[in-house]
Amino acid sequence: LNKQIQDLYKDNEKKQTAIDTGAKINVLKTKNKIEQNNQDIKRLEKKYEQAKAIYDEHGTILTLGGIIYVFTKKECLSLFGGAYDEYMDFLSPYTTNWEMIKYAIDQGMTKYNFYGISGKIHDKNDEMYGLYDFKRGFGGQVEEYVGEFDLVVNKLMFFAYDKAFTAFMNYRLNRAKKK
């Protein structure tokens, strides 16, 4: 960040010198570029202060998020992942997946499976569309599998479990709403 900031300051100095010496340049365009650089400097200085505060609090090692992977000979399956909301600006899911894609290629795997997405990939209003859009950003294609289903071998036990599970989830949901 410091190098980017210093480079912008140097660029501004060159541009201002060109204006001051009457060089054959588009002065308005050059002044606009200086202003854009100044805005970028402010943005980068803010990011630098945020990064410094994080460093001061956590030191050199900071867990941004993580992903659980499962490997077969030919496939890397990204089973489950998450990232801390306060560090989302660091884009750790992108970096982690990209590095694992490169690792999978190096290991001779022919498939990188991001695992589940919503079945409503054409509905941008679906709450899970963002997950699909994130995964789509890496390229590739959607493969549709059979999905999940329940094989009921004991109707009475299944009925009891289903009702108990529904009651438990409603309890947790109501408790979360009260907080």
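All of (1) closer than 30 Å to I101 by Cα; (2) open to solvent by 90 Å² or more (accessible area, probe 1.4 Å) hold for L1 with one exception: (2).
Does I67 count as of a type in the set (V, I, T) and within 30 Å of L131 (Cα to Cα)? I'd like the intermediate steps shown before the answer.
Values: of a type in the set (V, I, T): yes; within 30 Å of L131 (Cα to Cα): yes.
Answer is yes for this residue.
Looking across the range 60-90 at every residue that is open to solvent by 40 Å² or more (accessible area, probe 1.4 Å) and of a type in the set (S, T, N, Q), the one that is farthest from the chain's Cα centre (by Cα) is identified as T72.
Any idea which residue in the range 135-161 is most open to solvent (accessible area, probe 1.4 Å), counting only those that are more than 25 Å from I68 (Cβ to Cβ) and not in a loop (DSSP other than H, G, I, E, B)?
K155
Screening the range 135-179 for residues that are within 25 Å of A83 (Cα to Cα), within 26 Å of the chain's Cα centre (by Cα) and of a type in the set (D, E, K, R) and picking the one that is modelled with the highest pLDDT gives K135.
Applying a threshold of 8 Å to beta carbon distances and a minimum spacing of six or more residues, or different chains, the list of pairs starting in the range 154-179 at a residue that is free of Cβ contacts under 8 Å to residues at least 24 places away in the same chain and ending at one that is surrounded by fewer than 10 Cβ atoms within 10 Å (Cβ to Cβ) and of a type in the set (D, E) reads F158/D150.
Checking the condition of a type outside the set (S, T, Y) and more than 19 Å from R136 (Cα to Cα), which residue from G119, G59, G81 passes?
Values: G119 fails: more than 19 Å from R136 (Cα to Cα); G81 fails: more than 19 Å from R136 (Cα to Cα).
Of G119, G59, G81, the one residue that is of a type outside the set (S, T, Y) and more than 19 Å from R136 (Cα to Cα) is G59.
The values are calculated or read from the model by the stated rules, or taken from the named source; none is laboratory data. Not measured: the values here are computed from a predicted model. Heads up, the Cβs are rebuilt from the backbone with ideal geometry, glycines too, and the neighbour counts pull from every protein chain shown. Remember, those area values only see protein heavy atoms, side chains included, never the ligands or the DNA or RNA. Shrake-Rupley method; radii C 1.70, N 1.55, O 1.52, S 1.80 Å.
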